[in-house]
Amino acid sequence: MRNNDLLMIKSDLQGCVGKKVVLTADKGRKRIVTKEGIVEATYPNLFIVRLDNNYGEGRRISYTYTDVLTGTVEITVKLESEEKIS
């Protein structure tokens, strides 16, 4: 794991603040969870995504940049043409 890779992931995610994303997270034991949300904030060691739900209140989850680097979490930005960050 190189520091440059983490910095590139962090800068890519900083550019995605406020955009809709699709998260695919590997929870272990063959459990894969897919959720949609909006990148709410980025911090030095983690980023926060506000999940969409039907009740008007968004639940927040956080992941580290290392999760993206190792492939535990995959993020796809929802635009006209979807682009993948990993």
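The values are calculated or read from the model by the stated rules, or taken from the named source; none is laboratory data. Owing to the predicted nature of the structure, the values given are computational and were not obtained by experimental measurement. Positions of Cβ are generated from backbone atoms using ideal geometry, with glycine treated the same way; all protein chains shown enter the neighbour counts.
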Check your understanding: When the residues of the stretch 47-72 are filtered to those that are among the small types (G, A, S) and under 24 Å from L6 (Cβ atoms), which remaining residue is modelled with the lowest pLDDT?
Key -> G71
Check your understanding: Does L23 satisfy being closer than 14 Å to T66 by Cβ and either in contact with a helix residue (DSSP H, G or I) (Cβ under 9 Å, 6 or more places away or on another chain) or in a strand (DSSP E or B) (or both)?
Key -> no
Practice item. State which residue is modelled with the lowest pLDDT when the search covers only the stretch 26-46 and only residues that are more than 14 Å from L69 (Cα to Cα) and polar (S, T, N, Q). Key: T34
Practice item. Check off (1) of a type outside the set (D, E); (2) part of a loop (DSSP other than H, G, I, E, B); (3) modelled with pLDDT of 90 or more for S11 and give me the number that stays unchecked. Key: (2)
Check your understanding: Has the stretch 73-80 got at least one residue that is under 16 Å from Q14 (Cβ atoms) and either modelled with pLDDT under 90 or part of a strand (DSSP E or B) (or both)?
Key -> yes
Check your understanding: Of all residues in the stretch 1-20 being of a type in the set (A, V, I, L, M) and within 18 Å of T70 (Cα to Cα), which is surrounded by the fewest Cβ atoms within 10 Å (Cβ to Cβ)?
Key -> M1
Check your understanding: Mind checking which residues of the stretch 25-79 are of a type in the set (K, R) and surrounded by fewer than 11 Cβ atoms within 10 Å (Cβ to Cβ)?
Key -> K27, R29, K30, R31
